[in-house]
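*Asks:* First the structure, then my questions, so here it is.
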Amino acid sequence: MIDRIIGKLPEAWRGPAELLAAPIAWVPVLQQTLISFFFDPQPGWMAALKYVFLLFPVLLGVVAVWCTGLSVYTMPFRSGRTRFVSLVLLAWWDAALSVWLYWVGMVRVAAVAVGWALGIARIVMRLAMGSFREIVGTPFAMSSMLMRSYFKPGVPWLGFVMLMVWGALEAAVFTFTLEPRVTTLVSDLSGSDETRFAVPILYGFVLALVLASFACVQALINAVRTKDPRHIAQIIGIQVFTVFFEVMFFYRGLVEVTMPWMANNGPVIATAAVAWFGVRGLTWFLFGQYGTPPMLAIIARRPLTEPETTYATAMRPEPFWRLAMDDFRRDLDWLHIKSDEMLELLALPVVHLLGAALNFAMILTASRPVFNLPFRSLKEVTESRDMETTMHLEPRKQVGL
């Protein structure tokens, strides 16, 4: 550009113009060479390294060269030339130091990023291993927990399950014995042969009565424990009607089906009553007395055990994912605390270069730098800027040398 401008001048003026432009005539050529260096075809990883590690230092060098070349033209008009030259030399020293700090800062940022990536990978690996361990060990842990909980005082789940199974089995037997009579009755009442819904309804009805029979026995025992004669008399009356209903409608039909010779040659009602007492007594002392209280508690939505008997559930270990999430939460808090430091790690290398470039410009225009390099923190940058804005930037008159 400068050569084209000089070429347009008259022949007599070209020599002095070239001599006058000598301090900065080579700068545009250098600038064009540096720019073409970044735009040359190259692999992607090499281009990334160039832009990260060389772009900002090259821009600082271009600014420094321009400011130094232009400052030559101001030397005849300046006072304190020795101090001015020393400031320019110190600015070059600060620029070299800023470039070195920029490179070190970039390496430091890369190291910190790798450390954070390894930390996050460690957390992910820990969660994955914990999930795999929980999936593999869950069946064994559940079986061990069930065995421990069963052999400790608490809810008699085995008795409750056996009571439910027995009730379902007894209801199925009674439904089978009552099905012919009930279907015939339903057909007579409805006047239709469609009785497919009669059996499920009959089974549910019989199952409820069988379980209610065990509940009546439990109520009789509770009444005896209270030692209240009036309450005991009421429960005995209810129990008598319960026995009568089950003997007449359930066990009598069972005796007639299983022992037809008894129906023809003996007292069916007495046999059915004895069968009821035998079955209820055996089942009650085997599992009924343990399974009936939990059944009543579930129906009434009452606690199955006392609060002091639930200590076993409080001793269960914390799930692995809760511990991993607590660690992740602490790491996240640490990241928030260290975010300012990470911002300084990313910003200080570039700020050093920008501050060095600004110092060159301020030395050229005001004969004084604006920043004292290097910076220790971003707070120091803002404090220096605020201090300079309150100062009068006109250079003081000094004795010429």
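*Asks:* Answer yes or no as to whether Gln234 is in a helix (DSSP H, G or I) and either in contact (Cβ under 8 Å) with a residue 40 or more places away in the chain or in contact with a Cys (Cβ under 7 Å, 6 or more places away or on another chain) (or both).
*Replies:* Numbers: in a helix (DSSP H, G or I): yes; either in contact (Cβ under 8 Å) with a residue 40 or more places away in the chain or in contact with a Cys (Cβ under 7 Å, 6 or more places away or on another chain) (or both): no.
No.
*Asks:* Residues Thr74, Thr82, Thr68: which one is among the hydroxyl-bearing types (Ser, Thr, Tyr) and exposed (fewer than 12 other Cβ atoms within 10 Å of the Cβ)?
*Replies:* Details: Thr74 fails: exposed (fewer than 12 other Cβ atoms within 10 Å of the Cβ); Thr68 fails: exposed (fewer than 12 other Cβ atoms within 10 Å of the Cβ).
One residue alone meets the criteria, Thr82.
*Asks:* If the requirement is being out of contact with any Asp or Glu (no Cβ under 7 Å at 6 or more places or on another chain), at pLDDT 75 or above, assigned to a helix (DSSP H, G or I) and among the polar types (S, T, N, Q), which of these qualifies: Ser143, Ser79, Ser98, Ser149?
*Replies:* It is Ser98.
*Asks:* Does region 42-53 include one or more residues that are in a helix (DSSP H, G or I), at pLDDT below 80 and over 21 Å from Ala110 (Cβ atoms)?
*Replies:* The answer is no; no qualifying residue exists.
*Asks:* Next question. Pairs only if they're at least six apart or on different chains, beta carbon under 7 angstrom, first in region 92-112 and of a type outside the set (Phe, Trp, Tyr), second at pLDDT below 85 and not in a helix (DSSP H, G or I); list them, first residue then second.
*Replies:* Here the result reads Asp94/Leu373; Leu97/Leu373; Leu97/Pro374; Ser98/Leu373; Ser98/Pro374; Leu101/Pro374, each pair linking region 92-112 to a residue that is at pLDDT below 85 and not in a helix (DSSP H, G or I).
*Asks:* Please state which one of Ala171, Ala128 is modelled with pLDDT of 80 or more and within 26 Å of Ala273 (Cβ to Cβ). Step through it out loud before you land on a result.
*Replies:* Values: Ala128 fails: within 26 Å of Ala273 (Cβ to Cβ).
Of the residues listed, the single one that is modelled with pLDDT of 80 or more and within 26 Å of Ala273 (Cβ to Cβ) is Ala171.
The values are calculated or read from the model by the stated rules, or taken from the named source; none is laboratory data. What you are looking at is a predicted structure, and each value in this text was computed from that prediction instead of being measured. A quick note on method: Cβ atoms are made from the backbone with ideal geometry, for glycine too, and the neighbour counts reach across all protein chains shown.
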